[in-house]
Amino acid sequence: MIKLPLRLETIASLVPKGTQLADLGCDQLLLAQFLIEKEWVKRVIAIDVSPKVIIKAQSKIKQLDLTSKIDLRCGDGLIPLKVGEVETLVIAGLGHYKIIEILKRDQKQLKGIDNLIIQSNTKVPHIRQYLTTHGFYIEAEKMIKEGSHYYIVILFKRGKRKYKKHDLILGPCLRQEKSSTWQQYLAQEKEQQQKLLAVIPFWYINKRWQRRRYSRLLSKELR
């Protein structure tokens, strides 16, 4: 069985068993290979915008004899998908702006998708805000630290729930679970806010107010 990096292992742990899955930005096919070998899913549609990546991936799946179980497609975003073809979509390793751009643009392909597993490299609160106001709710969240980086992986499911602003900023499930990794992250964030406040000029009133408000929220969660 292939050994996954912690980030991909965390993503894999949120994939519903037996689902029809698409992996956007498949890169080295590690996630798809793991899920197939584990017999967690029967088939994966692996999508990447880079023709070079797809060519390398084709060679790999031939070597692994997985051509019938991993369907490689080259294209931008969800455009290579047909409506209703998969139930679960993984988007990992992109920034929040690109993820939201894809979700906005490719709404037709999203119609049959009930589960979104998202790992954004930037501004996770923006992802929560967008999806919880566009037909999805937060089913589960996991935070891990790999090297010096913290990663948040979120499973969104189709449906509606109401959230407080603090939940969208820090994560409703993360706030409830209060893992040691999450608390370490909050402490680091608080320290970073204090450093920023020390260098932001006093006449930038709005910026200083936003940093103070965020810092107070972090302090409250760390109690």
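Throughout, read-outs are computed from the coordinates displayed, never taken from laboratory work. What you see is a predicted model; the values in this text were computed from it and never measured. FYI the Cβ positions are ideal-geometry reconstructions off the backbone, even for glycines, and counts take in every protein chain you see.
Taking every DSSP beta bridge with both residues inside the chain, roughly what % is antiparallel (nearest 5)? In the chain, approximately 40 percent of DSSP beta bridges are antiparallel ones.
Sequence-distant contacts, meaning Cα pairs under 8 Å at least 6 residues apart, place the relative contact order of the chain at 15 percent.
For the stretch 28-87, which GluC sites (Glu not before Pro) are in a loop by DSSP, counting at most 11 other Cβ atoms within 10 Å?
Loop-located and lightly packed - Glu39.
Applying a DSSP loop filter and a limit of 10 other Cβ atoms within 10 Å to the chymotrypsin sites (Phe, Trp or Tyr not before Pro) in the stretch 162-203 leaves Phe202, Trp203. Among the listed options (1) 53, 39, 35; (2) 55, 40, 29; (3) 60, 35, 31, the one matching Cα extents along the principal axes in Å as calculated from these coordinates is (3).
Annotation: amide H of Cys26 within the under-5 Å range of Ile47, Asp48, sequence separation 5 or more or interchain, hydrogens built in the peptide plane.
When Asp167, Asp106 are arranged by Cβ crowding within 10 Å, least crowded first, meaning fewest neighbours, the order is Asp106, Asp167. What the Cβ-Cβ distance of Gln107 and Ile205 gives, at R0 = 25 Å and to the nearest 0.05, is a FRET efficiency of 0.05.
Applying the criteria of a DSSP loop state and at most 15 other Cβ atoms within 10 Å to the trypsin sites (Lys or Arg not before Pro) of the stretch 172-211 yields Lys178.
In this structure, the pairs whose alpha-carbon distance is over 31 Å, taken from Lys3/Lys164; Lys82/Lys178; Lys164/Lys190; Lys62/Lys142; Lys60/Lys123, are Lys3/Lys164; Lys82/Lys178; Lys62/Lys142; Lys60/Lys123. Across the stretch 20-33, coupling constants 3J(HN,Hα) worked out from phi with the 6.51/-1.76/1.60 Karplus curve, θ = phi - 60°, read 7, 10, 10, 10, 8, x, 6, 6, 8, 6, 4, 5, 4, 4 Hz, and Gly and Pro carry x.
Here is how the number arises for the chain: DSSP H runs of 4 or more residues each give -39500 (n - 2.57), the sum is divided by the residue count, and the result at 222 nm is -13500 deg cm²/dmol.
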